[in-house]
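The values are calculated or read from the model by the stated rules, or taken from the named source; none is laboratory data. The structure displayed is predicted, hence computed values, not measured ones. Cβ atoms come from the backbone with ideal geometry, glycine included; neighbour counts cover every protein chain shown. The protein model used for the area step is the full one, side chains on, heavy atoms only, and it has no ligands, DNA or RNA in it. Shrake-Rupley method; radii C 1.70, N 1.55, O 1.52, S 1.80 Å.
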Amino acid sequence: MFSLKEIFSDSYFYSSIIRISTPILFAALGALVASVGGAPNVALEGIMLMSAFSGAVVSALTQSLTLGIIGGLSSALILSAILCIFSFKYRANIILTAIAINILSSGLTGFLMPVVSGQTGNTTNLESIVFPQIHIAFLDHIPFLGEILNNHHLLTYLAYICVFIVFILLKKTPFGIHLKAVGENPEAAVSVGLSVGKIKTVAIMISGLLTGLGGMFLSMGYISWFTREMTGGRGWIGLAAQALGGKSVWTVTASALLFSTGESFSYSLQIYNLPTEWVQALPFAITLVVLFIYLKSR
Amino acid sequence: MKIALIVILGLLISYFLTFLTMIPFSSDSVVDPLYTGFQKTNHAFFIFLTSPLIRDYSGELRFNMMSFTQWLNEATPLIFTGLAIALVLKSGILNLGAEGQLFAGAVTGSLLAAIPNVNGFLQIFVIFLAAAITGSLWAILPAYASIKKKDSEILVSLMMNYLAFYLGTYLIKTLIRDQNSGALMSDKFSPNAVLPLINERYRLHMGIIVACFTAVLFGFLIKKTKWGLKIKMIGSNVRFAEYSGIDVKRQLFKIQLISGAIAGIAGIFELVGYHQRFVWQTSPGYGWDGVIVAIMASKNPFYVPFSALFLAYIRIGAQNMGRYSDVSPQLVKIIQGIIILFFAAEGLFKSEPFRAFLRKNRGSPDV
C-alpha cells in the first residue's frame, strides 16, 4: 500500500537523494562558475556525456583509475576548449556552439562505442575501473543521519567538497572577483585592464572540469560501464538548478538537492505504480516560477 | 559557397574518422590493413550517400522507393521546426523551445484524434488548429521573457520543454494509453482523424507537401510584406528598428507566437499521417534539429525545405549505413555537430587567412 510516511521515514530515501544529487550538483556548480562570468555554458550535457564515455573507456583499456580520470577530464577540457575557441575567438554564438558540442559528443560516443566495445548500446563487456566507495567509521555510531551520509562514493563526497571550493574560488580569490566583474560589466572590466576572453575561458574550463567529474560518476561510480545517452538530461537539469539557485553557491546547491529530491521521490512512487510525471515536472515548474519572479522584479 | 565547404569538411572529417576505426587491428590476414580499411569505409560511405535514392539489388542498381519515402517523411517535421526557428532567428532570437512546442502540440492533437465518430474533415481541421494553438501557448512565457530581458528566454524555454514532456506524457498515459501494449503508446486514432497516405505501400504521408507550401508561404510573407520588412529590420538592428517607429516588443512577441504555432504542428503529420497513434516515449528531438536546419538555410524560409531535405537525406543514409555496414549510424550526428560548429563561427570565415585562401582559389573575397 502506498504511504508517504513509509517513504519519508526511510533513510534510504534521503541517502538516494544524496547519491542522485552528485552529477546534478557537479553540473550545477559548473553552470554557476560559467554563469558568474556571464558566459552561459549550455554544453554541460555534452561535456558530461563525453567524459562519462572517455573515463569508462580509458580506465578499462589501461586498467588504471588515474588514467581513466585523466582521460575523462581531458575530454571535458577539450570540449570546453572548443566551446571557448569558437565562441570567443571566432565570435560564434555561444549557445549555438554549445548545441553543436552536445550533438557532437552524442555522436562521437555513439560512434566510438561499437568500435571500442563491439556493442552498440553499452560497454558492459569492458571492465572499467570505478571510484572507491567510502566508509566513514564514526558515522556508524550516529543513527539515521549516519546511514544517510555514510557509504557514498568518493565523487559524491568530492561534489560536496567542491561546493566549498567553488565558494572560496568565487568569493575569496582575485580570480573570482575578476570573474564577477567580467560577468556583470564587461566594458568596465576591460577598462581596468582585465582580459575578458581569458577570464571567461578559464571559467568555462573550470565549469567543464566540474561537469566532467559529474559525468564520470555516472560511468565509474555505481555503474562500471557507459550506456548510450547515459546522462539523460542531467546536464540540462544542472543548468536548471543553477537558474533556480541564481548566483549563490548555497542556493544553487539547495536547488540541485531539490531536483534530486524530485527524482528520488519519483523512483519511490514508481514502486507503487503511481504516475511520476508530475513529481518530475515539479522542480521545473518551480524554477519557471522563480525565473518569472526574478524577471518581474527587474 | 560557405555551405558547400562546411558540408564537405564535415564529410571529410567523418570519412577520416571512419577510416581510422575500420582498419583491422589483428594483422593475421595477408591483405594490407589500410586497404581493408579503405574498402570498408568506401562501402559504408557509398550506402550512406546514395541509399536514400538507389539500392544495390545484387549488382543491379535500382531506385530505392522505400528509403526515398522515408526520406520525405523524415524531412517533414524538420521543415516545420526549421521554419519556426528560422523565423525567430530572423528577428534575432534563438528559440530553444521548439522541442516542447512540438511535443505539446502533438499531445493535444493526439488527444483530439482519439475521439471517435466525428466528421473527418472537421476533426482533422480541429486537430491542426488545436496543435498550433497549443504550440503558441507554449511559446508565450519564453516570448514574454525574451522581451523582458535578453537571453532569459533560453532557460525559460528549456523549462517549458521539460514541462511539455512530463505533462504530455502524463496526459497520454492517463487518458488514451493503449492498455494492451507493453510499451507506452496511445490507442489507435479514430479512422476519421487519420490523413490519407499518398503512397499506401511505402506509407508516404502528405506532410512534405504541406510543409514545403508553408515554408514558401512564409518566405513570401517575409520577402514581400511590410510585416516581413519589420522582422528583418529588428533582426539586423534593433535600435534602428525602434527609431523608425516599429513597436519592437510587440513584433518580437508576435513572431514567437507564430513560430510556436508552426512548431506545434511539426509533429502532427508524423502521428496522424504515419503512425496513427501517439508513439513517442522520449521527446523526438526535431526541435533541436530545427536549429541546424534554420542556420543551414541562413534563416531564409525559402531555403528551409532544401536544408531540411539535406539533413533528412544524410540521416536516412546513415540509418541504412548502420544496417548494411559495420559503421555506426551515429556518424551522422558528428557531421551535424561539425556543420553547426562551423556555421556558427562567423568570425572564422571573415578571418584573414581564410579570405586569402578564397581570393587565391576563387578570386572573390565575399563569402
Query raised in the report: Among B:M321, B:M160, B:M22, which one moves the most in a GNM of chain B with springs linking Cα atoms closer than 10 Å?
Result: B:M22
Report summary line: To the nearest Å², the heavy-atom accessible area per residue of the range A:197-298 with 1.4 Å probe amounts to 39 Å²
Report summary line: Note, the range A:240-252: 3J(HN,Hα) by Karplus (6.51, -1.76, 1.60, θ = phi - 60°), whole Hz, Gly/Pro = x, goes 5, 4, 5, 4, 5, x, x, 9, 9, 4, 5, 5, 5
**Report entry** Estimated FRET transfer efficiency (A:L139, B:R250; beta-carbon r; R0 51 Å; 0.05)
**Finding:** 0.30
Report summary line: FRET efficiency (A:L4, B:I198; Cβ distance; R0 51 Å; to 0.05) is 0.45
Report summary line: Kirkwood Rh over alpha-carbon pairs of chain B plugged into Stokes-Einstein at 20 °C, 1.002 mPa s gives a D in µm²/s of 96 µm²/s
Requested in this report: Could you tell me the largest-minus-smallest coordinate of the C-alpha atoms of the range A:25-231 on each of the three principal axes, in descending order and whole angstroms?
Outcome: 54, 48, 24
Requested in this report: Starting from the Cα of B:K173, draw a straight line to each of the aspartates and glutamates and keep only those under 15 Å, dropping any in the same chain fewer than 8 residues away.
Outcome: A:E277, B:D187
Report summary line: Which of A:K180/B:K149; B:K2/B:K148; A:K198/B:K299; A:K171/B:K249; B:K226/B:K254 exceed 26 Å between C-alpha atoms? The answer is B:K2/B:K148; A:K198/B:K299; A:K171/B:K249
**Report entry** Accessible area that becomes buried as A packs against B, both chains, 1.4 Å probe, Å², nearest 100
**Finding:** 4000 Å²
Query raised in the report: Sorted from largest down, what three extents in whole angstroms do the Cα atoms of the range B:262-351 have along their principal axes?
Result: 50, 38, 22
Report summary line: Averaged over all viewing directions, the convex hull of the alpha carbons in the range B:124-245 casts a projected area in nm² of 11.3 nm²
Report task. May I ask you to evaluate 6.51 cos²θ - 1.76 cosθ + 1.60, the Karplus curve with θ = phi - 60°, for each residue of the range B:125-137 and list the ³J(HN,Hα) values in order in whole Hz, giving x for glycine and proline? Result -> 4, 5, 4, 5, 4, 5, 5, 5, 5, 4, x, 4, 4
Report summary line: The answer for B:I54, listing residues at least 5 apart or on another chain whose modeled amide H is closer than 5 Å to its amide H, is B:N64
Requested in this report: Pick out, from B:I8, A:L244, B:M321, the residue whose Cα sits farthest towards the positive end of the charge dipole of the protein assembly as shown, with +1 on the Cβ of Lys and Arg and -1 on the Cβ of Asp and Glu.
Outcome: B:I8
Report summary line: On the accessible surface of the range A:1-55, probed at 1.4 Å with all protein chains in place, carbon and sulfur together account for a percent value of 65 percent
Query raised in the report: In the full protein assembly as shown, how much of A:L65 is accessible to a 1.4 Å probe, in Å² to the nearest 10?
Result: 50 Å²
Query raised in the report: Using helices alone, what [θ] at 222 nm do you get for chain B, with -39,500 (n - 2.57) per DSSP H run of 4 or more residues, divided over all residues and rounded to the nearest 500?
Result: -22500 deg cm²/dmol
Query - Simple spin-label estimate for B:N117 and B:T50 in nanometres, 7 Å along Cα-Cβ - result: 5.6 nm
Report summary line: Of B:K150, B:K90, B:K232, the most mobile residue in a GNM of chain B (C-alpha springs, cutoff 10 Å) is B:K150
Report task. Taking a cut-off of 14 Å between Cα atoms, list the aspartates and glutamates near B:K40, but don't count ones fewer than 8 places away on the same chain. Result -> B:D32, B:D326
Report task. Per residue of the range B:254-268, in order, report the coupling 6.51 cos²θ - 1.76 cosθ + 1.60 (Karplus, θ = phi - 60°) as ³J(HN,Hα) in whole Hz, putting x for Gly and Pro. Result -> 4, 5, 6, 5, 4, 4, x, 5, 5, 5, x, 9, 4, x, 4
**Report entry** Taking the C-alpha atoms of the protein assembly as shown, convex hull volume expressed per residue in Å³
**Finding:** 196 Å³
Query raised in the report: Computed FRET efficiency, Cβ-Cβ of B:V31 and A:N125, R0 25 Å: what is it to the nearest 0.05?
Result: 0.35
Requested in this report: Search the structure for amide H atoms under 5 Å from the amide H of B:I115, placed 1.01 Å from N in the peptide plane, and list their residues when 5 or more places away or on another chain.
Outcome: B:S190
Report summary line: For the range A:92-138 the residues that are at least 50 Å² less accessible with all protein chains than alone, 1.4 Å probe, are A:I95, A:L96, A:I99, A:A100, A:I103, A:L104, A:F111
**Report entry** Per residue accessible area of the range B:76-309, 1.4 Å probe, in Å²
**Finding:** 41 Å²
Query raised in the report: Considering only protein heavy atoms and a 1.4 Å probe, what is the carbon-and-sulfur percentage of the accessible area of chain B?
Result: 64 percent
